[in-house]
Ligand SMILES: NC(=O)c1ccc[n+]([C@@H]2O[C@H](COP(=O)([O-])OP(=O)(O)OC[C@H]3O[C@@H](n4cnc5c(N)ncnc54)[C@H](OP(=O)(O)O)[C@@H]3O)[C@@H](O)[C@H]2O)c1
């Protein structure tokens with residue numbers, strides 16, 4: 001099986017921590033050069049220093065905030081003058097928890113911008129070079145809520161569905177150019193995002209952190225919370241040459257938790 005990413009460059013968004021950081025690590029282990037993207041420069045520097053590399057110059061980072069799509073566009077336009085991207089990992093922080101009925105209009109707009117609009121800017125920026133190369137991988141980190149909406153994540157459920165539909169449409173449009181577009185759907189994965197969701201549920205349900213965590217574990221057939229590295233392994237496989245004929249899928253990495261097919 002060909003998992004070799006030597007000579008490829010991966011732009012990995014939301015990679016200063018969590019699933020994005022783990023994905024950057026896996027892709028680098030398969031030989032890719034990495035361009036990290038996030039807001040926190042100190043964290044990005046620390047990740048770059050820990051990425052495996054034969055050549056110390058091979059990994060880079062870009063600082064930008066997905067709440068400001070024009071800023072993202074400027075940063076990309078500048079960087080892509082000298083760099084071609086073979087693999088794009090679309091990923092950013094999840095929307096705040098809460099019921100859909102209570103959400104303010106601005107919360108939907110903010111999530112739509114930072115997830116869908118920024119993904120679109122990224123895809124439009126990187127696909128011309130992918131088309132010329134006849135190779136491209138676009139992998140969107142979404143959520144199992146694409147298959148089954150999750151209680152207490154109203155804005156997230158709504159926007160994730162839009163991103164999944166956008167991605168499926170693009171998969172068909174870009175397939176003739178050797179570009180695949182797939183979605184990875186993490187289940188409960190131990191990162192800062194999950195810790196904040198557990199804390200938010202604990203507050204709302206008048207329980208403590210450990211009680212909520214235990215409830216989550218009970219809901220997972222595998223009876224444990226996943227690790228970021230386990231989601232990253234799925235991302236790295238989909239990015240590899242071996243996955244060339246897998247296109248337009250939603251892949252849950254959730255210990256069997258999603259009840260739908
Ligand atoms: N962990 C789970 O259990 C789980 C389950 C289902 C879905 N997901 C989804 O998977 C994605 C990744 O999750 P995670 O657990 O790895 O999250 P995380 O630990 O919160 O990491 C989010 C990453 O996105 C970056 N980011 C956040 N806001 C940004 C912004 N405005 N502009 C640019 N970068 C931004 C963060 O870096 P900076 O702060 O440095 O910008 C960080 O690197 C999220 O969409 C999450 O909702 C996670």
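Observations on the structure shown:
- Identity of the residue in the range 8-18, farther than 18 Å from residue 75 by Cβ and over 11 Å from the mean Cα position of the chain (by Cα), that ends up farthest from the ligand (Cβ to nearest atom): 8
- Conditions (1) part of a helix (DSSP H, G or I); (2) surrounded by fewer than 18 Cβ atoms within 10 Å (Cβ to Cβ); (3) within 16 Å of the ligand (Cβ to nearest atom): number failed by residue 151: (1)
- The lone exception for residue 21 - which of (1) more than 10 Å from the ligand (Cβ to nearest atom); (2) touching a residue at least 40 places away in the same chain (Cβ under 8 Å); (3) closer than 30 Å to residue 199 by Cα it fails: (1)
- Restricted to the range 48-71, and to residues there that are within 13 Å of the ligand (Cβ to nearest atom) and in a strand (DSSP E or B), the residue that is nearest to residue 114 (Cα to Cα) is 63.
- Among the residues of the range 140-159, those that are in contact with a strand residue (DSSP E or B) (Cβ under 8 Å, 6 or more places away or on another chain) and more than 12 Å from residue 101 (Cα to Cα) comprise 140, 141, 142, 143, 144, 145, 146, 147.
- When residues of the range 161-195 are limited to those that are without any contact (Cβ under 8 Å) to a residue 40 or more places away in the chain and away from the ligand (no atom under 11 Å from the Cβ), the one surrounded by the most Cβ atoms within 10 Å (Cβ to Cβ): 161
- Within the range 35-47, tally of residues that are over 15 Å from residue 228 (Cβ atoms) and either within 13 Å of the ligand (Cβ to nearest atom) or surrounded by fewer than 16 Cβ atoms within 10 Å (Cβ to Cβ) (or both): 8
- Taking every residue in the range 88-107 that is within 12 Å of residue 157 (Cβ to Cβ) and pairing it with any residue that is in a strand (DSSP E or B), at least 6 positions away or on another chain, the pairs with Cβ-Cβ distances below 7 Å are 97/153.
- For the range 232-251, residues that are buried (at least 21 other Cβ atoms within 10 Å of the Cβ) and within 12 Å of residue 144 (Cα to Cα) total 0.
The numbers here are math on the coordinates, done by the rules we state, and not lab data. Since the model is a prediction, treat every value here as computed from it, not as a measurement. Quick reminder, even Gly has a Cβ in these numbers, built from the backbone with ideal geometry, and neighbours come from all protein chains shown.
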